[in-house]
Amino acid sequence: FLFFNVTAQQKKYWQQQVNNEVNVSLDDQHHMLDADITMEYFNNSPDTLSYIWIHVWPNAYKNDKTAFSEQLLTNGRTDFYFAEDEDRGYINQLKFTVDQKPAEMEDHPQHQDIIKLILPQPLYPGSHISIHTPFHVKLPKYFSRSGHTGQSYQITQWFPKPAVYDANGWHAMPYLDQGEFYSEFGNYTVNISVPQNYVVAATGKQISSSVNNGIKTLVYQQNKVHDFAWFADKDFEVLHDTIQLSDHVVDAYAYYHKKNADQWKNGMLFIKRAITTKSEWLGNYPFETVSVVEKDGDDNGGMEYPTITLLSPGNSDKELDFVINHEIGHNWFYGILASNERQYPWMDEGMNSYYDKRYQHLFYDTAYKFLKSKNNFISSRIPDDFENASLEHLFRTKQDQPINTVSEKFNNINYNLVAYSKTAQWLASIEQKTGTIIFDSLMRQYYSAWKFRHPQPDDFKNMLIQSPSLTDGKFFDALHSKGAIEPSVTKKLKAAFLFNLKETDKYNYISFFPVFGYNKYDKLMAGIGVHNYSLPATAFRFFIIPMYSTGAKQLNGTARISYTFYPGNNGSRLMTFVAASRFSMSTFTDSTGKKNYLSYSKLVPGIRYTFAKPALSTRQIYIQLKTYQVKE
């Protein structure tokens, strides 16, 4: 529909290339890998290199002094910190040569999972070298992406890998659980040897298989990818089918455990839909294979790698569909458009989440309604998009962070809501400005211009500002600001039974519910509770619970009213409140023989100021003044 000339923006662009040939064997008795790697490193930069930073990320699991361990503690996880030594992992036996000459290594001054490879001779622009080393990996128990669960293996981030060198310099980074990857493109040939009874799933296409003395060796190849992952399990069942795109056929595979076979009855359908929808919206899936692998264990979610993704089984068809679609979508936003995910998580997770929303709207607002959860009292009151409701709560309470925050500076809640959902809202607002046809045309051009490259935020911006409705570039300001993408609208009041969290963008709910109580003097009490607690939280909040006492024959109850101000822009709160209650506390009989009930009442006015805190801090500091006025 539209065509824009982007050649001028790409004239000075360059990127390195690293081709890899790896031989690896699995020791499933000791959970170890023995391997060697040969890397052909092409210096396409205008600079002469004297060293190369190398990621040795299995060392992230070496002890509790790594950036990975520290981040888990910051996010409230202690399982790795208290892990036994045998459950941790490492990489060793590295002995580098460069063009067959011994090369020295230097430790990174801060991180155990990064080393500096000193080149014996300078690597000039336009030249390439051959780097070789053996290596040995002790696989950790599964804590984050890589490791093993018993004898089920998830082999990811497992080999020495050069950090990216681009126009902004070196990007040597430690492994993190929250915060993903940035790697150089290249061509891979990987020879995997495992005991014969294992089924293997891996990046790329299997080109050969052989068995010798009970050891099976599989050879996989894949060009134009920046990572390689593989998975081995003795209990995998395999589904296979093909997907016809306009220019080639894709072999699709699903690897799952027999015990979960019922959950995968529509698995291949979901894989096909994920590939065909993104191929239509962005551009054809370029690889010959796509694989989805079920992880052994009960943790939720998934993790993507080029041509292959690992995920946990869903609780329903709908949940499995969503996870498959999201993880396969990362082949475009991460696999092909290989932005720096650690620096700009929104370019990966956020863009992919925007297309998740389109996918959900396409298949769950129209067709495939049979996959929706059965309507019941609870589900009818839960938001269709709980993430957006939670995100609105962050906006209201000014606890959100800007979209353009780097991965490790996000707190866990903001990483999941802002980097993903707010970015999706932002892109939807751009689509609304341009219209869907023009927006899709721009995104297809972005994909075509930057596939198999490392686009930066400005590259994305320069593509979009060629639309007449986006030429001023102001839409990009939202990346650096806090708060909602669209201004809030006036809401109507609406009654609800118990509670309602649906359509809170349209309604402020006044909820009611029956209440019963009992004490020695009031006996049975019955009444009605009324409140306006909802998500997102409103500034004015109340609950009132009047109850009629069958013993004292009077109205008792409890109530609380508060109003919260949010001064500043970093989550500080000033709340004023008053709470009150009244009940019977004793009885006496007077001289006329009349039984009298003595009452107890309490009034508690107060004010509380909660200080703003750094995003990654778990400490909360507040000052509170309140007074108890008790009458008996």
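The values are calculated or read from the model by the stated rules, or taken from the named source; none is laboratory data. Every value quoted in this text rests on a predicted model; they were computed, and no experiment measured them. Neighbour counts are summed over all protein chains in view; Cβ atoms, including those assigned to glycine, are modelled from backbone coordinates with ideal geometry. Please note that ligands, DNA and RNA were not included when accessible areas were found on the heavy atoms of the full protein model with its side chains. Shrake-Rupley method; radii C 1.70, N 1.55, O 1.52, S 1.80 Å.
Odds and ends about this structure:
- For the pair the range 573-597 / the range 157-184, the C-alpha centres are spaced 67 Å from each other.
- In the range 361-488, lysine pairs closer than 19 Å at Cα, eight or more apart or cross-chain: 14
- Among T38, I336, G435 the positive-end extreme of the charge dipole of the chain (Cβ point charges): G435
- If the segment from E70 to Y628 were pulled out straight at 0.36 nm per residue, it would be longer than the present Cα-Cα gap by 196.6 nm.
- The range 266-338, accessible area per residue, ligands and nucleic acids excluded (1.4 Å, Å²): 23
- Here the spin labels are modelled as points 7 Å beyond Cα on the Cα-Cβ line, and at K594 and I528 they lie 3.1 nm apart.
- A Förster radius of 41 Å combined with the Cβ-Cβ distance from L94 to D472 puts the calculated FRET efficiency at roughly 0.20.
- 3J(HN,Hα) couplings calculated from phi for the range 409-416 with the Karplus curve 6.51 cos²θ - 1.76 cosθ + 1.60 (θ = phi - 60°) are, in sequence order, 8, 6, 7, 4, 5, 5, 4, 6 Hz; Gly and Pro show x.
- Dipole of the chain, positive direction: furthest Cα of H240, S379, A559, with charges on the beta-carbon: A559
- Here the dipole of the chain is about 3720 debye; that uses its Cα centre as origin and unit charges on the Cβ of Lys and Arg (positive) and Asp and Glu (negative).
- Note on L245 and V211: with the Förster distance fixed at 35 Å, the Cβ-Cβ geometry gives a FRET efficiency of about 0.55.
- Protein accessible area in the chain, 1.4 Å probe - carbon and sulfur %: 52
- The HN-Hα couplings worked out from phi for the range 133-150 by the Karplus form 6.51 cos²θ - 1.76 cosθ + 1.60 (θ = phi - 60°) are 7, x, 7, 10, 10, 8, 6, x, 4, 5, 10, 6, 6, 10, x, 9, 10, x Hz, whole numbers, x standing for Gly and Pro.
- By the rule of a C-alpha distance below 22 Å, with chain neighbours fewer than 8 residues away ignored, the lysines paired with K116 are K62, K65, K95, K101, K138, K161.
- Note on V238 and I621: the model spin-label points, each 7 Å out from Cα along the C-beta direction, lie 6.0 nm apart.
- Estimated distance in nm for a label pair at K492 and D505, the labels positioned 7 Å out from Cα along Cα-to-Cβ: 1.7
- 5 angstrom amide H check on I308, placed H, neighbours 5+ away: S291
- Mean Cβ neighbour count within 10 Å, used as a protection proxy, ranking 88-97, 58-67, 428-437 highest first: 58-67, 88-97, 428-437
- Helical runs (DSSP H, four residues minimum) scored at -39500 (n - 2.57) apiece and divided by the length of the chain put the mean residue ellipticity at 222 nm at -5000 deg cm²/dmol.
- Under 30 Å, Cα to Cα: Lys pairs in the range 551-623, sequence gap 8 or more or different chains: 4
- Candidate aspartates and glutamates - alpha carbon under 13 Å from K234, same-chain residues fewer than 8 apart omitted: D28, E294, D296
- With R₀ set to 22 Å, the beta-carbon distance separating Y51 from F452 gives a calculated FRET efficiency near 0.25.
- Ranked packing of 379-388, 210-219, 543-552, most packed first, by mean Cβ within 10 Å: 543-552, 379-388, 210-219
- Highest-first arrangement of 464-470, 102-108, where packing means the average Cβ count within 10 Å: 464-470, 102-108
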